[in-house]
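Below: one structure, written as structure tokens.
The values are calculated or read from the model by the stated rules, or taken from the named source; none is laboratory data. Please read these numbers as outputs of a predicted model, since none were measured by experiment. Note that we place each Cβ from the backbone using ideal geometry, even for glycine, and neighbour counts take in every protein chain shown. Areas reflect the complete protein model, heavy atoms only, side chains present, ligands, DNA and RNA absent. Shrake-Rupley method; radii C 1.70, N 1.55, O 1.52, S 1.80 Å.
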Amino acid sequence: MEAVQLSLVGARGVGKAQLVQRFGGPSRPVSVPGSSPIIATVTARRDDGGAADVLAEGALLLVYDITDAASFDVAVGCLKRAAGKAAAVSLVGNKCDRSADRAVPVKRGMDAALAHGASFLETSGKEGANVDDAFCDVLVRAVARGAARPAFDESVVSRIIASLECL
């Protein structure tokens, strides 16, 4: 089985932890069409102005709160820094269950994602809407770009197999 590192980055309070919880926690097996199953290793980080700069591989979900324009600006700043560095990037507007309080139009999110080669989706960590779709979309694209790698050190696997053969 192969692993893909998936990082959620965004401002404080945008719902990163709730999205991870809805997805199934920090480590989850995922079926990818045309590939063997993978393990998604998920981490959430608050953007500190450079979180996306260190991501040279794997998948990246840049999360903002649709009711908070400042969080969108943080996500777009991170998107600009991450473009071309991560294997797959997606801009995610969270809290779509609060669309009556919307501060960021859907078109604005779509345009920002398109301008930087990212995908776009709105989710609700509270209700679970589109959460799996957002995670799986970016994971499928990361695998297609070769970001998957063995989940276990090959030397460890070889030693385990050798031990089992001795039994």
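Could you check how many residues of region 5-20 are at pLDDT below 95 and of a type in the set (S, T, N, Q)?
Residues flagged as at pLDDT below 95 and of a type in the set (S, T, N, Q) within region 5-20 amount to 2.
For (1) modelled with pLDDT of 90 or more; (2) surrounded by fewer than 20 Cβ atoms within 10 Å (Cβ to Cβ); (3) among the hydroxyl-bearing types (Ser, Thr, Tyr); (4) under 15 Å from the mean Cα position of the chain (by Cα), each residue gets a yes or a no:
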| residue | (1), (2), (3), (4) |
| --- | --- |
| Ser124 | yes, no, yes, yes |
| Ala129 | yes, yes, no, no |
| Phe135 | yes, no, no, yes |
| Leu139 | yes, no, no, yes |
| Gly146 | no, yes, no, no |
| Val156 | no, yes, no, no |
| Ala162 | no, yes, no, no |
| Leu167 | no, yes, no, no |
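Considering Arg81, Arg28, which residue is within 18 Å of Thr123 (Cβ to Cβ), open to solvent by 50 Å² or more (accessible area, probe 1.4 Å) and modelled with pLDDT under 95?
Arg28
Out of (1) at pLDDT 95 or above; (2) outside any loop (DSSP other than H, G, I, E, B); (3) touching a Gly at 6+ places or on another chain (Cβ under 8 Å); (4) hydrophobic (A, V, I, L, M, F, W, C), what's the single condition that is false for Val104?
The one condition Val104 does not meet is (2).
Which members of region 1-50 meet the condition of being under 15 Å from Asp137 (Cα atoms) and small (Gly, Ala, Ser)?
Correct list: Ser7, Ser31, Gly34, Ser35, Ala40.
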